1. Tell me which residues, restricted to the range 34-46, are among the small types (G, A, S) and either without any contact (Cβ under 8 Å) to a residue 24 or more places away in the chain or surrounded by 24 or more Cβ atoms within 10 Å (Cβ to Cβ) (or both).
2. Being of a type in the set (S, T, Y) and in contact with a strand residue (DSSP E or B) (Cβ under 6 Å, 6 or more places away or on another chain) is true for just one of S128, S111, S159, S71. Which residue is that?
3. Would you check which residues across the range 75-108 are hydrophobic (A, V, I, L, M, F, W, C), within 24 Å of L200 (Cα to Cα), in contact with a strand residue (DSSP E or B) (Cβ under 9 Å, 6 or more places away or on another chain) and surrounded by 15 or more Cβ atoms within 10 Å (Cβ to Cβ) and list them?
4. Taking the range 17-31 as the region of interest, how many residues are closer than 19 Å to L300 by Cβ and over 15 Å from the mean Cα position of the chain (by Cα)?
5. Among the residues of the range 85-135, which ones are more than 23 Å from I244 (Cα to Cα) and among the aliphatic types (A, V, I, L, M)?
6. Go through the range 9-32 and give me each residue that's farther than 23 Å from L82 by Cα and crowded, with 24+ Cβ neighbours inside 10 Å.
7. Got a sec? Which of V107, V93 is within 26 Å of G22 (Cα to Cα) and either without any contact (Cβ under 8 Å) to a residue 60 or more places away in the chain or not in a loop (DSSP other than H, G, I, E, B) (or both)?
8. Taking the range 110-123, which residues are surrounded by fewer than 24 Cβ atoms within 10 Å (Cβ to Cβ), over 19 Å from the mean Cα position of the chain (by Cα) and in a loop (DSSP other than H, G, I, E, B)?
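The values are calculated or read from the model by the stated rules, or taken from the named source; none is laboratory data. The shown structure was predicted, so the numbers you read here are calculated from the model rather than taken from an experiment. Cβ sites come from the backbone with ideal geometry, for glycine too, and all protein chains shown count toward neighbours.
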Amino acid sequence: MAGHLPVLGVEAIAALCPHDGGLYVDATFGGGGYSRALLRVADCRVVALDCDPEAAFRAQDLLREEPEHFSFRLCNFKDWALELSGQDCQGVVFDLGVSSFQLDEGVRGFSFQRPGPLDMRMAKEGMSAADVVNTFSQEQLTEVIKFYGEERYAHRVASAIIKARKEKPLTTTDALAEVVRSCVPKQGMIDPATKTFQALRIFVNDELRNLQQALEGVETMLNQGPSTQIRVVTVAFHSLEDRIVKNWIRGVPAVQQERDAEDLTRADRSGLVWTVETNRVVVPSAEEIQRNPRSRSARLRAVTVSKASKPSQQIGSKLSFGSALTRNTTPKTGTSLGNGLPKVLSRKSSFDEEDSLTDKARRAHNIVLKNEGEEV
């Protein structure tokens, strides 16, 4: 796995700013690209998490190479704060969504481009995509595909699925993709099945709720542990994930939970300060997109959450061009769509602007990632 290059790997490590003696969390290990990069640029400790049993096998090499500095936990990234409870953590990186390894293995059932069983379970347990497709009502399927896939033809797709499964259960990726392509017009280079497959994967793995819980874990770590400030870096690949991150930074709960009125003011009571480290969302360079087309939709955001009223610009920080956000207003809440489907609030803001890192950050890359010319 030494050759695995994570999406926005250079930018993510520069934003995380690892320093000697620090403890960092690679919350979504995948192929281990971020973990290796962290260990390469600083004499630090890295705790990696992943719910996929196959990721545990990929972590074995790094465990042998760095037994004193690296450890791996087989668990969902939503539980990272629980796993690190009581430890002084300086940073965490979340590489969201499905990994290239999962997409490339047809037997996992994540991709419509490879024949295989209609599975999509990252942890290899629980309800599969086939279970959803073959047991949900047309109304439920429409809601899942419309919300999680942002598919304008969701009703049409759900109707076609119901019709097709009456003749034969849909149990393979090829079978489902064929049904979707039969009723959704192709637009540009995007396969018509893309949004439906995305919707099923997110729903099956409860990805949005897990993300919200993982982000709230940052506040748990600061309020209940020895950490004084934590740098948080997220790499999202679609608007639903990215919106949750933006709303969390602003103090807007992304998912409506069963909370009483007092609990809704948790951001006010926390006494924490959010310092945005990326003035604009960071996107892959043209060179990276050419090298790895899957990176084209990636969006990176970085924020430092601190107990201090005026967070220090130093935790090994080379990116000190962020702006502080103190949560001192009652957060607005979302609403429920029913059947456990969350509605995420969307608001226009300066965070929606897209750009690469500034020249200042680029210079930071050369400092942070200098290691005899090696590429992360």
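1. Across the range 34-46, the qualifying residues are S35, A37.
2. None of the other options fit; the residue is S71.
3. C75, F77, F94, L96
4. 3
5. L103, V107, L118, M127, A129, A130, V132, V133
6. E11, A12, I13, A14, A15, C17
7. Every option except V93 fails the conditions.
8. Passing the criteria: F112, Q113, R114, P115, G116, D119.
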